[in-house]
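The values are calculated or read from the model by the stated rules, or taken from the named source; none is laboratory data. Source: prediction; values computed, not measured. In this analysis, Cβ positions are derived from the backbone assuming ideal geometry, glycine residues included, and neighbour counts consider all displayed protein chains. Please note that ligands, DNA and RNA were not included when accessible areas were found on the heavy atoms of the full protein model with its side chains. Shrake-Rupley method; radii C 1.70, N 1.55, O 1.52, S 1.80 Å.
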Amino acid sequence: MIIVIKKNANKEEVEKLIKRLSIYDVTITPIEGQENTVLGIVGDTSAIDKEAISINNCVEKVLKVQEPYKKANRKFHPEDTIINANGVIFGGKKIPILAGPCSVESEEQIIGIAKAVQKSGATMLRGGAFKPRSSPYSFQGLRAEGLTLLDEARRVTGLPIISEITNVELVDLFNESVDIIQVGARNMQNFELLKLLGQTKKPILLKRGFSNTIEELLMSAEYIMSGGNENVILCERGIRTFETFTRNTLDLSAVPALKRISHLPVVIDPSHAAGINWMVESLAKAAVAVGADGLIIEVHNDPANALSDGAQSLLPSQFDDLMTKLKAVAVAVDREI
Ligand code: PEP
Ligand code: MN
C-alpha cells in the first residue's frame with residue numbers, strides 16, 4: 001500500500017498517521033520526494049481500511065498495490081488447485097459434468113434422472129432440496145427429505161451428489177449428507193454461512209452472485225479459505241446486465257480472468273445463465289472452449305411440469321446429445337470429458 005501525503009501536510013498529523021498504522025503487522029517507510037512525501041506500507045495490509053486512511057487531513061490518496069484476497073490469490077499459490085470431491089477431480093485435465101434437476105421432486109424423478117445422466121457420462125448428480133425461490137409461493141423444495149432422496153440416488157448410481165445450502169443451521173446436515181455443498185448466487189455474501197463452511201473440510205461450490213464482481217467472488221472464497229477450508233470451486237452462473245433476452249448474461253470472460261488471478265477451479269452453469277433450454281448447448285460448448293474446469297447443467301425428465309426451472313432444463317436425450325458434442329470441444333482444447 002502506498003499513501004501519498006499532501007504537499008503542505010502538518011508533520012504532527014503525519015506522525016499520528018504513522019503511529020496509527022504501526023499497530024498493524026507492517027513496515028512503514030516514509031519516502032521524501034522533491035514534490036511529495038509517500039509512505040510505503042509493506043506487509044499484511046489486508047486489515048487496513050483504505051477508505052478510512054484516505055479521509056485523514058494529511059492524506060492526498062491511498063493506493064492499494066496488492067489484491068485483498070490472499071489464500072485465493074495465484075500469486076501466493078502459483079499451481080492450479082486440484083479438488084477431490086468423493087473421487088470427482090476438479091482442476092485437472094478432465095472436466096467433470098454435474099447434471100440433474102433444479103429441484104428434487106420425488107424418488108422416482110431423482111432416481112430416473114440420476115440413472116439417465118450417469119448413462120450419458122455425467123460425473124456428479126445435482127439436485128436442490130432447500131430452494132431459495134424469488135417467490136414465497138413457489139415450491140420451496142423437499143428440504144431434508146430431498147437430501148435423503150439424493151442419498152438414495154447416490155446409492156443406486158454411485159454418482160456423488162451436490163446440493164445447495166441456504167442457511168447456517170443446515171451446515172451439519174449438509175456436511176454429513178452431500179459430497180459438495182453448493183452456495184447459491186443469493187448466498188454468495190452470506191458471510192456467517194461462509195465462515196461456518198470454512199470450518200468444514202467439505203468441497204464448496206461457490207456461485208457468483210448475480211450482481212457481484214469477480215473480486216467480490218474471490219473475497220467470498222477468502223472467507224471460506226481463511227477459516228481453514230481451501231476446497232473452494234468457483235462458479236460463474238450469469239450476471240445481471242441491461243439485457244433481458246436471456247435470464248442472465250453469462251460472463252465467459254470470468255473464466256480466463258479468475259484462472260489468471262486465482263488458482264481455484266472454475267465451473268460454469270449455462271442453465272441459470274441462459275434461462276432457456278435451447279441456448280444451454282451453445283453456452284456449454286463455449287464454457288469448455290474458454291477453459292472451464294467443470295459444468296453444472298439442469299436436466300429434467302418432464303421440463304414442462306418441473307417444479308422449478310423447467311424452461312432451462314434439458315431432457316435426458318438432449319443432455320446425452322450435448323455430452324457427445326462437449327467431448328469433441330474438450331479434445332479441441334486439450335481437455336477430456
Ligand atoms: C440452482 O442451482 O438451482 C440455483 C438456484 O442456482 P443460482 O444460485 O445460480 O441461482
Ligand atoms: Mn435451478
Could you list all residues from the range 290-333 that are within 16 Å of ligand 1 (Cβ to nearest atom) and not small (Gly, Ala, Ser)? LEU295, ILE296, ILE297, GLU298, VAL299, HIS300, PRO303, LEU307, ASP309, GLN312, LEU314, PHE319
Do you know which of the residues in the range 123-152 that are of a type in the set (Ser, Thr, Tyr) and either touching a Pro at 6+ places or on another chain (Cβ under 6 Å) or part of a loop (DSSP other than H, G, I, E, B) (or both) is most open to solvent (accessible area, probe 1.4 Å)? TYR137
Of all residues making up the range 25-64, the number that are exposed (fewer than 13 other Cβ atoms within 10 Å of the Cβ), farther than 18 Å from GLU12 by Cβ and without any contact (Cβ under 8 Å) to a residue 12 or more places away in the chain: 6
Within the range 180-205, residues outside any helix (DSSP H, G or I) and more than 10 Å from ligand 1 (Cβ to nearest atom) come out as ILE180, ILE181, GLN189, ASN190, GLN199, THR200, LYS201, LYS202, PRO203, ILE204
Which of the residues spanning the range 276-312 are within 24 Å of SER106 (Cβ to Cβ) and either part of a strand (DSSP E or B) or open to solvent by less than 10 Å² (accessible area, probe 1.4 Å) (or both)? VAL280, ILE296, ILE297, GLU298, VAL299, HIS300, SER308, GLN312
Exactly one condition in (1) closer than 16 Å to THR81 by Cβ; (2) of a type outside the set (Val, Ile, Thr); (3) open to solvent by 10 Å² or more (accessible area, probe 1.4 Å); (4) within 12 Å of ligand 1 (Cβ to nearest atom) is not met by CYS235; state its number. (3)
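Got at least one residue in the range 263-275 being within 18 Å of the chain's Cα centre (by Cα) and either more than 23 Å from GLY127 (Cα to Cα) or surrounded by fewer than 20 Cβ atoms within 10 Å (Cβ to Cβ) (or both)? Give the steps one after another, and end with the answer.
If we filter the range 263-275 for residues that are within 18 Å of the chain's Cα centre (by Cα), which is where we start, we get 263-274.
Of the ones still in play, those that are also either more than 23 Å from GLY127 (Cα to Cα) or surrounded by fewer than 20 Cβ atoms within 10 Å (Cβ to Cβ) (or both) are 263-264.
Yes, there is a match, as at least one residue in the range 263-275 is within 18 Å of the chain's Cα centre (by Cα) and either more than 23 Å from GLY127 (Cα to Cα) or surrounded by fewer than 20 Cβ atoms within 10 Å (Cβ to Cβ) (or both).
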Quick check on my filter: what residues within the range 29-51 are under 16 Å from ILE5 (Cβ atoms) and part of a helix (DSSP H, G or I)? LYS50
